[in-house]
Amino acid sequence: MNPMKSILIPLLILATIGPGCLPKQMGSKESHQSFAPHSLAAEDYDQAVNQLLAENPPDGKNAEVHRRLSLLYSSALNPRQDYQKAATELELFRELTPEGPARFESEVWRGVVKDVLGTREKLLEVQQGLDRERLELQQTNKKNQREIDRLHQQSKELSGEITQLKATITELETERSKLTETINQLKYLDLNLEKKRKSFQ
C-alpha cells in the first residue's frame, strides 16, 4: 500500500467518527451519562478518569468502567488524550464482554485506535527523519560557511598580496626608468670622452 494512504486512511476514519460521535459507539444509552466525553470540560477529564479507576473492582473486571475509560482516553477534548491507554481499555472491555454488538463495535473502534497509533508512529518516524536531515543540512551549511569564510579570508589575503606586488612592480618600473636614464647619460658621456680623446691625438 502507498505509505501516504496507510497514514491517511486511519485519520480519515477518525475524522469521520469525530469526538462528538464517539460516545454513541458501542451502542449503550449509558454512553450519554455522566462520563460521556462530550459532557465534560477539558479540566474535568483527570477527575473523571480517577473516579472511574476508583470504581473499578480490585480484579479490574468491570467492563463498563473499561468502556468509559476508553472513551475518556480517546476523546479529542481530553488534554491528556492517550490512544495507547484507550486501546488497552478497549481490549479489556472486549475480553469482559460476551459476543454481541457491543463487543463487535469495541473491536472495530480498537482497530481504528490501533491504526491511529500506527499512523502516529509513522509520522514520528517521518518527523525524526526530517529532523535528522535538517540537522545534517545545518551541519553541512555550517561547514560550507566555514569554507566560504576561509576562502573569503584567503581572497582578502591574496588581494593584499596582489596590491603589494603591484606597488613593488611600480617601484621596479621606476627604478628601471632611472637606470635606463643613467645608462643613457653614461653612453652620452662615453661618446663625448671618445670625441675629446680623438681630438688630442
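Only the coordinates and a few stated rules stand behind these numbers; no lab work does. These numbers were taken from a predicted model, which means no experiment stands behind them.
Separation of region 61-100 and region 39-60 by C-alpha centroid, Å?
11 Å
When averaged across all projection directions, what area in nm² does the alpha-carbon convex hull of region 119-182 cover? Could the numbers behind the result be given before it?
Numbers: hull surface 18.8 nm².
Here the figure is 4.7 nm², rounded to one decimal.
Could you tell me the convex hull volume per residue, in Å³, taken over the Cα atoms of region 58-140? Present the calculation step by step, with values, prior to reporting the outcome.
Details: hull volume 9.2 nm³, N = 83.
Spread over its residues, the Cα hull of region 58-140 gives 111 Å³ apiece.
Any idea how many Lys pairs in region 42-201 come in under 15 angstrom at the alpha carbon, given 8 or more places apart or on separate chains?
Values: Lys85/Lys114; Lys114/Lys122; Lys178/Lys187; Lys187/Lys195; Lys187/Lys196.
Eligible lysine pairs with Cα atoms under 15 Å apart amount to 5.
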